[in-house]
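Quick notes on the structure that follows.
The values are calculated or read from the model by the stated rules, or taken from the named source; none is laboratory data. Only a predicted model underlies this, so the values are computations on that prediction, with no experimental measurement involved. Every residue, glycine as well, gets a Cβ built from its backbone with ideal geometry; the counts of neighbours run over all protein chains shown. Surface areas here come from the heavy atoms of the whole protein model, side chains and all, with no ligands, DNA or RNA. Shrake-Rupley method; radii C 1.70, N 1.55, O 1.52, S 1.80 Å.
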Amino acid sequence: MSLRIGGNGRSEMLVLMLVVATTFRLCPLVKARPLCRIRTLRTGKVFPVEEKTQGDRLYFSSGKTHLIKHPCKKNLALYLGRQIFLTKDTFESSLIPFSIPTSMQVGTPEVTSAHFAGSVLLLVVNQKVYVYDYEANFWTASTGIQHPVSHVSGDNCCYSGNSFCMDISNSVFAYLRGDQVSQANIYFSNSRGYRFQKYTQERRAELVGTFGGIFSFHSLSQVGLLLVDEQMAMFSYSDHPLNRSFGLPFDYDRALDILIAPGQKGILIFWSEKNLLVSRNSGQLVESVQVREGQRILYNSIVKANITIHSVAANENELAVLTEGNNLYYGSLGIQSSSLIKFADQNIWSQEAVLMFTDVGMLEILTPLRDVLFPAFDFQKCRLNIQALLMDPQLQAGVCKVELLQGEFENKMYTIDMNSQLELTALMIPRPGTLPVPLVSVSNPHSLGLQAVICEDGYTYDGNTKHRLNISLKQQHHWGRADPNFTSSIKRPTISTITLDIANKEISCVDLKPLTALISVGCDLEKKIVIQNELSACYHGVLDPVALQDNYSYIIEREAYDPNFQGQQAKKDLEVHYPYEKLGCPLLAYYDIPWKPVVELWREGKFQEVVEAEYVLLEMNGLFTYTYSLTASTAGCSAQPQNWTTITKMAGDTAPFSWDRESTSYEMSGWMNHKLEPKLLGKISTTSDRQMIPL
């Protein structure tokens, strides 16, 4: 199409004006996109009913609102405000405010702290701890606490079916914040808060300052005490090697709420109305959270941003902040420094509002709504899709440089035995034309050491390079690269979390989560030691396995044993119950042939290897009816051999289970090659052409 204009210039100007006018009509002004759309949850209300109080209605003492989500049961959450609500469906239904039975006799129903401990909810009400089993709808008061408390603290491990993971969820502290740390009354429970006992820690009497709290930092295998002195705070730790120093001090001009991010990565969030701090290493280094606009830093800290924080929410990798000025901030809890960006303003704040992450990149602003006709409150939700909001070019969020990051170890749990090694692999596919740098870290470098190698591993169908990362893990002590003053004791079982992330990852990488796994450095409970038993009393018909399983017992005559392990005759015969489930059929050994146990290693019901190990034979019942065919001199001993008599005298109350690697002065495996000549073994000894002794 062409347009020819002739005549005077006025016609040409008129046409231009018409074209411009038409253009403006086709491009109306774009309005700001709202952060979220509001919806109201209202269920179970048909006819008005009269409100009936069931128990004492609880309320939260702080002027701020809080929300506590169960890290393992994603639909379970507790809202703390002028009313308290417990939900099992993330507030998708109307709820009656939470109350405690009058039979608990709590007095003033003021809640100062709450914590989910596995399958129960702990509440500090009027300076006492109460346990609510939300599955059985059962209340009880904790026992063992003799002093007023204000707070409870703990963590949850979401890997089910593992004993050390259960220990994490069962461990709870109760304490009163504000006392002098040397005089503070601290209580500990390993039963999810049902029973407490006084907690003691070495050198606590030497610490100076006000007691700000105590926390189990499982990812560091430490207990941390928060010390506050002259508007500064720092952590003191319980075990070697961190018990010889303190964490770096940080500003503490007012009381800070401390949030432990889920996932056992050692991430702590400290916040008040005017400040926000983050630690990625269980309080050893605490840093201010920056406010950014694109790549530019607007404020180095929240204090300088001059905002008033109303609510804070965090999941494993994300952080969100709602202010009283209707501002919403969002950031990631990456492997490096944390920062926030500000979303566009919207009328989203109210005194009762609180933030809640429902999934990765999904955030809700939750507000309870009172109903004048019904006792149950409705809930207003404003749902935000973070990934969609970050597409706004005005936020300058940048483009994520990584298309794929995956590993078979993600969200799994492993055990590393003494001097064993664990190999993990991961795959990274970067966006074409970019060179992102993967970073691997462990939360407890004192216990767990790593080595990582990256290499190219082919191409995708569209030509992108694939990179494979090989990660080797074993006890830090056995790498041989760290100073002994840095490493944890190899005898102490510890926990560490390994994290694989991308350095300087763009905030737009919402769906590209870091890969994490939980590592237990200690005894592998899937393994067991078995004494080879090819020649058993049951196989040769000496004993009947059916009879052994039927509450079998045998008699040791009083002339043959000493309950004090001193070689003196007892006053009466001893009846011994045989634990067949534990020991199986007794082993037969010829009396005049040197016997050495063959130790087998089994894992998950499969034979692994024969173990060469030092060991001690322990006589459980005090039998002394055996002699040695060689003396110390004829056996070639260069020093006086140890025996049970000398060992038990040295051990005192721990006898007779006191002979170990530390107390052994010579090679036990060599000593055990000498012949033992048992004379009598109670009523289970049998004879044939050669005497066989069940062991």
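Quick notes on this one:
- With respect to being under 30 Å from GLN394 (Cβ atoms) and under 25 Å from the mean Cα position of the chain (by Cα), ILE471 falls outside the description.
- Selection within segment 163-187: residues that are in contact with a Ser or Thr (Cβ under 8 Å, 6 or more places away or on another chain) and polar (S, T, N, Q). The member of this set that is farthest from LEU225 (Cα to Cα) is ASN170.
- Considering segment 221-235, and only residues there that are touching a strand residue (DSSP E or B) at 6+ places or on another chain (Cβ under 8 Å) and in a loop (DSSP other than H, G, I, E, B), the residue that is most open to solvent (accessible area, probe 1.4 Å) turns out to be GLN231.
- Selection status of TRP644, within 25 Å of LYS528 (Cα to Cα) and either hydroxyl-bearing (Ser, Thr, Tyr) or modelled with pLDDT under 75 (or both): no
- One residue stands out in segment 59-86 among those that are surrounded by 20 or more Cβ atoms within 10 Å (Cβ to Cβ) and free of Cβ contacts under 8 Å to residues at least 40 places away in the same chain: the one that is nearest to ARG383 (Cα to Cα), namely LEU80.
- Cβ-Cβ distances below 6 Å connect the following pairs, each with a first residue in segment 386-409 that is modelled with pLDDT of 90 or more, a second residue that is of a type in the set (D, E, K, R) and open to solvent by 50 Å² or more (accessible area, probe 1.4 Å), and a separation of six or more residues or different chains: LYS401/ARG431; GLU403/ARG431.
- Filter result for ALA426 (modelled with pLDDT under 95, small (Gly, Ala, Ser) and either within 26 Å of the chain's Cα centre (by Cα) or over 30 Å from LEU601 (Cα atoms) (or both)): no
- Segment 570-604, subset in contact with a Lys or Arg (Cβ under 6 Å, 6 or more places away or on another chain) and under 29 Å from LEU630 (Cβ atoms), residue modelled with the highest pLDDT: ALA570
- Listed here are the strands (runs of 3 or more DSSP E) enclosed by segment 494-603 that have at least 1 residues being closer than 30 Å to PRO430 by Cα and among the polar types (S, T, N, Q): 494-502, 515-521.
- Screening ASN564 on (1) modelled with pLDDT under 90; (2) within 46 Å of the chain's Cα centre (by Cα); (3) open to solvent by 70 Å² or more (accessible area, probe 1.4 Å); (4) over 24 Å from THR646 (Cα atoms) shows it passes everything except condition (4).
- Condition check for THR494: under 16 Å from GLN336 (Cβ atoms) and under 23 Å from the mean Cα position of the chain (by Cα): no
- Residues being of a type in the set (S, T, N, Q), open to solvent by less than 60 Å² (accessible area, probe 1.4 Å) and outside any helix (DSSP H, G or I) - total across segment 380-413: 1
- Residue selected from segment 116-139 under the condition buried (at least 16 other Cβ atoms within 10 Å of the Cβ) and touching a residue at least 60 places away in the same chain (Cβ under 8 Å), by the criterion nearest to LYS73 (Cα to Cα): GLY118
- SER536 within 30 Å of GLY605 (Cβ to Cβ), open to solvent by less than 20 Å² (accessible area, probe 1.4 Å) and not hydrophobic (A, V, I, L, M, F, W, C): yes
- When segment 471-481 is filtered for residues that are surrounded by 15 or more Cβ atoms within 10 Å (Cβ to Cβ) and of a type outside the set (Lys, Arg), the ones remaining, listed by number, are ILE471, LEU473, GLN475, GLN476, HIS477, HIS478, TRP479.
- Residue in segment 364-377 that is at pLDDT 95 or above, surrounded by fewer than 20 Cβ atoms within 10 Å (Cβ to Cβ) and hydrophobic (A, V, I, L, M, F, W, C) present: yes
Residue by residue, here is whether (1) touching a Pro at 6+ places or on another chain (Cβ under 8 Å); (2) open to solvent by 30 Å² or more (accessible area, probe 1.4 Å); (3) among the aliphatic types (A, V, I, L, M) holds:
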position	(1), (2), (3)
TYR237	no, no, no
LEU248	no, yes, yes
ALA261	no, no, yes
GLY266	no, no, no
ASN275	no, no, no
GLU293	no, yes, no
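- Within segment 150-174, the set of residues being without any contact (Cβ under 8 Å) to a residue 60 or more places away in the chain, out of contact with any Lys or Arg (no Cβ under 7 Å at 6 or more places or on another chain) and over 20 Å from THR415 (Cα atoms) comprises VAL152, SER171, PHE173, ALA174.
- Single match in VAL399, VAL440 (criterion: farther than 14 Å from LEU500 by Cβ, touching a Ser or Thr at 6+ places or on another chain (Cβ under 9 Å) and among the β-branched types (Val, Ile, Thr)): VAL399
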